[in-house]
Amino acid sequence: MKLIISSILLFCTISAFGQSQQTHKIVFQMATDVQKEQSSLARQLNNVLDYWPDAEIEVVVHSAAIQFMMKDQSIVESEILKLQKRGVTFAVCRNTMKRKGVEENQIITGAHFVPVGIAEIVEKQESGFAYIKAGY
Amino acid sequence: MKLIISSILLFCTISAFGQSQQTHKIVFQMATDVQKEQSSLARQLNNVLDYWPDAEIEVVVHSAAIQFMMKDQSIVESEILKLQKRGVTFAVCRNTMKRKGVEENQIITGAHFVPVGIAEIVEKQESGFAYIKAGY
Amino acid sequence: MKLIISSILLFCTISAFGQSQQTHKIVFQMATDVQKEQSSLARQLNNVLDYWPDAEIEVVVHSAAIQFMMKDQSIVESEILKLQKRGVTFAVCRNTMKRKGVEENQIITGAHFVPVGIAEIVEKQESGFAYIKAGY
């Protein structure tokens, strides 16, 4: 009996406070075409990973930022490829691609695709990710 | 006895994980007077509602964005009226209105008014809304 | 026995819903060098404190915003000193300082220092702070 109650208590404790004991999970929103901000984001992602090598990071790219993820156009293409090797996921909004006439093969290799960028950010927050809006 | 314990366990589970099973709730912060970003927000809200017709969405408008919600001045007035019909709430900061000398009757019909825009965004986050900062 | 179960139930309830009954906790991200936005932030912080005098507020300053926190350079130095007296914490990113060659004694008195600004914002969100991205 006591064991059962202890288990419940432990379960509740973990449910309520467990997040801070887990891997840090962060979703970044990238929505600007300002190149200085795109370089800043690449640097910030590396800084966070230097500090927390196990952090689970997803960057959701949409709207004016689509060029950030385009082959031969992105000023941070090599940084993005390196960040993917460090475990960062880049999720590109299909709605934006459709509106701007961008095809999957124009996007930097390794990217993921999501139907609606903002919905993806919402779902990540719902599943316990902290949210950071990139840009200034 | 077992029934009681099961109930507690169920209650804890719902408390901890219930949010992801509910309607998606999103609070947007709109604080910029850049017109391109105001059009983007209107489009994004429609995209999210096309994807999640039952999403509960509030847009908090404050600071430089007040013109976004002003009759005969907003470049997205007709979109805002349509979005209200789709269930989106627009909450305008009274502090901003006071500082800029804007009266209630100058604001697009159907808007709500809140004393402090940022406090409203905080309260929405506290009650389980995901947060999206509009603009770039 | 009933007392124990009641206690567990109470504990779970507090764990799940307690946040909304506590002091409002807010972490602001300040990352822009646009002076108009720096003045806006100072005003917004005062507005929130006028509305919620007990709010626990931390402003994390990083990237291009570092000048916001520099003695004799910040256009809101006197406001920052007053806000500190009202209980606001200003946390400056050491990574940014290192990259820009800024020393601790160049930063407005009373500031805190954190290794990675974005990591600080993430930790605050993990511990129940609402997040507000300053700027437009």
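The values are calculated or read from the model by the stated rules, or taken from the named source; none is laboratory data. This is a predicted model, so every value here is computed, not measured. Every residue, glycine as well, gets a Cβ built from its backbone with ideal geometry; the counts of neighbours run over all protein chains shown.
Inside region B:94-109, can you point out the residues that are in a helix (DSSP H, G or I) and either within 14 Å of the chain's Cα centre (by Cα) or of a type in the set (S, T, N, Q) (or both)? Those that are in a helix (DSSP H, G or I) and either within 14 Å of the chain's Cα centre (by Cα) or of a type in the set (S, T, N, Q) (or both): B:Asn95, B:Thr96, B:Asn105, B:Gln106. Number of residues in region C:44-65 that are among the polar types (S, T, N, Q) and within 20 Å of C:Gly110 (Cβ to Cβ): the value is 2.
A:Arg43 fulfils the conditions (1) charged (D, E, K, R); (2) at pLDDT 95 or above; (3) assigned to a loop (DSSP other than H, G, I, E, B) except for a single criterion, (3).
Considering region C:110-128, and only residues there that are facing another protein chain (nearest Cβ under 7 Å) and either surrounded by fewer than 18 Cβ atoms within 10 Å (Cβ to Cβ) or of a type outside the set (A, V, I, L, M) (or both), the residue that is nearest to the chain's Cα centre (by Cα) turns out to be C:Gln125. Condition first: touching a His at 6+ places or on another chain (Cβ under 7 Å) and not polar (S, T, N, Q). Now tell me which residues in region A:94-117 satisfy that. A:Gly117, the sole residue that qualifies. Is it the case, given these coordinates, that C:Thr13 is assigned to a loop (DSSP other than H, G, I, E, B), within 11 Å of chain A (Cβ to nearest Cβ) and either in contact with a helix residue (DSSP H, G or I) (Cβ under 7 Å, 6 or more places away or on another chain) or at pLDDT below 95 (or both)? Taking the combined requirement at face value, the residue does not satisfy it.
Residues in region C:57-79 that are outside any helix (DSSP H, G or I) and free of Cβ contacts under 8 Å to residues at least 60 places away in the same chain: how many? The qualifying residues number 10. Consider A:Ala91 carefully, then state whether it is in contact with a His (Cβ under 8 Å, 6 or more places away or on another chain) and part of a helix (DSSP H, G or I). When the stated conditions are applied, A:Ala91 does not pass them. In the set A:Ile121, A:Ile75, only one residue is among the β-branched types (Val, Ile, Thr) and out of contact with any helix residue (DSSP H, G or I) (no Cβ under 7 Å at 6 or more places or on another chain); that residue is A:Ile121. Residues in region B:57-74 that are among the charged types (D, E, K, R) and within 11 Å of chain A (Cβ to nearest Cβ): none. Condition check: of a type outside the set (Asp, Glu), surrounded by fewer than 13 Cβ atoms within 10 Å (Cβ to Cβ) and modelled with pLDDT of 95 or more. Does C:Lys85 satisfy that? So C:Lys85 passes the test.
The set of residues in region B:103-136 being of a type in the set (Phe, Trp, Tyr) and in contact with a Phe, Trp or Tyr (Cβ under 8 Å, 6 or more places away or on another chain) consists of B:Tyr131 alone. Within region C:25-54, the set of residues being surrounded by fewer than 21 Cβ atoms within 10 Å (Cβ to Cβ) and touching a strand residue (DSSP E or B) at 6+ places or on another chain (Cβ under 6 Å) comprises C:Lys25 only.
For A:Gly135, indicate whether it is touching a His at 6+ places or on another chain (Cβ under 7 Å), surrounded by 13 or more Cβ atoms within 10 Å (Cβ to Cβ) and in contact (Cβ under 8 Å) with a residue 40 or more places away in the chain. Taking the combined requirement at face value, the residue does not satisfy it.
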